[in-house]
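The values are calculated or read from the model by the stated rules, or taken from the named source; none is laboratory data. From a predicted model like this one, the values you see are computed outputs, not experimental measurements. When we count neighbours, we look across all protein chains shown, and the Cβ atoms used for this are built from the backbone with ideal geometry, even at glycine.
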Amino acid sequence: MSNAVEQSPPTEESEVLVEVEGLKKYYGGDGMFADPPVKAVDGVSFEIKRGETVGLVGESGCGKSTLGRTMLALENATEGSIRYDGTDITTLSGKDLKEWRKNAQMVFQDPESSLNDRMTVGEIIREPLDAHDWKTMNDRRERVLDLLSAVGLPDKHYFRYPHQFSGGQRQRIGIARALALEPDFLVLDEPVSALDVSVQAKIISLLEDLQEEFNLTYLLIAHDLSVVRYISDRVAVMYLGKIMEMGEAEELFADASNPYTQSLLSAIPEPDPTKTSRRITLSGTPPSPSDAPAGCNLSTRCPAKIKPESYADLDEDLWEGIEQFREVVRERARIALSTGDRVRRRFDRFDRFDDIEESRADTFDGIEVPERVDEEIQTAVKMVKRGRPTEAQEHLYEEFASVCDDEQPEMYEVSASGRYSYCHRHADEYEDVDPVLTRRADSD
């Protein structure tokens, strides 16, 4: 099995440029009567070596862009540290922070909205130089012309406006602006997602050339797994504010360890129609970042979730049905009741959730449910019908919760290369992920 580690250690061959440790970024939650905070980034630790490209992938809303913006101090960290070349930037402010910003810049996702249509291309690229009072005006103009050439645009574009360019050309302008102050580190926030495939290839090629020419370090945020695999040295997979798995790109794509990573990669279409691939689907929808599970973030959807000891002998189909029904109850608990609903509930006339009986029947259709399980399910059904879905959720939690629900996993080292994964199943006392998913696929 694997050994628990706090963080993947740096290799001696490469210098660590950026080190993130215990980083959290929460929104809201201040005040006695405030709603729970939105945990956009929740305890993330990793490092980026000088000159490498780290890809950051995950579904929409998982916190990728917030993590990137927080690493550039565009968002204030709630907790944790971000060390850039040994300096914790979360402690910087005022002139010190402004001076540091020369070292790190961002290329934004939408090349249209990120450029000011009222400014010429020359003014847009020159703006960071003006803000930092960089040398003389003539020097700034020469610098802009050099940058235009570096990104493959002719000098004549200096006096043109963004609306006169295609999407790919506008993204080149955004890249030139990001390079104006000669940074070492760039956060690329979905830099090609808004572009046509043919244009994407040109921008990716440009980014690789610029990295080699200027010795740049990249954090590449993207949805397109093929782009990430092509350009990245290492890849981090994010879900609901957490890094689920991180390691060398080719190894992670070829032999993922975390059930979420495996599910994500199984969605990639197989071009060879003669090959069969295992599709791993996640049930339900991601929880709200303001109501994340107390244990593993994937516990409400995990296809390899550990059963509680008292129910370890349950049939796989039955266990999956229980988890699906718990998700149905969770969805009911998220629905806000109107004043009328509360009045009807008080006088035992509540009927808004009467369809829970139908949901129970559909969930366990064709599955033999033992009496001890059925009693707990029926108790929860009655609670929901009475308008008490939160109580039903708590009842099912107390009865069917496992280590995945109760405890956050450690980061386990899962390969000799330093790849690590956030999952209880890597601990010695549990069966590992692959045989569990294989059995599930065979039963399907």
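Things to note:
- In the stretch 376-392, the residues that are under 14 Å from Ala361 (Cα atoms) and at pLDDT 95 or above form Cβ pairs under 7 Å with partners that are among the small types (Gly, Ala, Ser) and assigned to a helix (DSSP H, G or I), at six or more places apart or across chains, as follows: Ala380/Ala392.
- Conditions (1) surrounded by 15 or more Cβ atoms within 10 Å (Cβ to Cβ); (2) out of contact with any strand residue (DSSP E or B) (no Cβ under 9 Å at 6 or more places or on another chain); (3) within 26 Å of Arg69 (Cβ to Cβ); number of the one not met by Asn258: (2)
Residue-by-condition table, conditions (1) over 29 Å from the mean Cα position of the chain (by Cα); (2) surrounded by fewer than 22 Cβ atoms within 10 Å (Cβ to Cβ); (3) closer than 26 Å to Ala312 by Cβ:
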{"site": "Gln378", "(1), (2), (3)": "yes, yes, yes"}
{"site": "Lys385", "(1), (2), (3)": "yes, yes, no"}
{"site": "Arg388", "(1), (2), (3)": "yes, yes, no"}
{"site": "Asp405", "(1), (2), (3)": "no, yes, yes"}
{"site": "Met411", "(1), (2), (3)": "no, no, yes"}
{"site": "Val414", "(1), (2), (3)": "no, no, yes"}
{"site": "Tyr420", "(1), (2), (3)": "no, no, no"}
{"site": "Arg425", "(1), (2), (3)": "no, no, yes"}
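- Some residue of the stretch 270-283 being surrounded by 18 or more Cβ atoms within 10 Å (Cβ to Cβ) and of a type in the set (Gly, Ala, Ser): no
- Residues (part of a helix (DSSP H, G or I), of a type in the set (Phe, Trp, Tyr) and surrounded by 15 or more Cβ atoms within 10 Å (Cβ to Cβ)) located in the stretch 147-165: Tyr158
- Meets criteria (of a type in the set (A, V, I, L, M) and free of Cβ contacts under 8 Å to residues at least 24 places away in the same chain) for Met137: yes
- Qualifying residue in the stretch 225-245 (condition: more than 23 Å from Val20 (Cα to Cα), surrounded by fewer than 13 Cβ atoms within 10 Å (Cβ to Cβ), in contact with a helix residue (DSSP H, G or I) (Cβ under 9 Å, 6 or more places away or on another chain) and polar (S, T, N, Q)): no
- Residues in the stretch 282-296 that are free of Cβ contacts under 8 Å to residues at least 60 places away in the same chain and of a type outside the set (Ser, Thr, Tyr): Leu282, Gly284, Pro287.
- Test for Asp341: is it out of contact with any Cys (no Cβ under 9 Å at 6 or more places or on another chain), farther than 26 Å from Cys302 by Cα and part of a loop (DSSP other than H, G, I, E, B): no
- Qualifying residue in the stretch 62-75 (condition: free of Cβ contacts under 8 Å to residues at least 40 places away in the same chain and under 23 Å from Gly94 (Cβ atoms)): yes
- Which numbered condition Pro271 fails, given (1) without any contact (Cβ under 8 Å) to a residue 40 or more places away in the chain; (2) under 30 Å from Leu74 (Cα atoms): (2)
- Top-ranked residue in the stretch 60-99 [being of a type in the set (Asp, Glu) and surrounded by 15 or more Cβ atoms within 10 Å (Cβ to Cβ); ranked as nearest to Ala222 (Cα to Cα)]: Glu75
- Every residue from the stretch 111-139 that is within 28 Å of His163 (Cβ to Cβ) and part of a loop (DSSP other than H, G, I, E, B): Pro111, Glu112, Ser113, Ser114, Leu115, Asn116, Asp117, Arg118, Met119, Thr120, His132, Trp134
- Pairing residues of the stretch 352-375 that are in the same structural domain as Tyr311 (by TED's automatic domain parsing) and under 22 Å from Ser443 (Cβ atoms) with residues that are surrounded by fewer than 14 Cβ atoms within 10 Å (Cβ to Cβ) and among the acidic types (Asp, Glu), at Cβ distances under 7 Å and at least 6 apart in sequence or on separate chains, gives no pairs at all.
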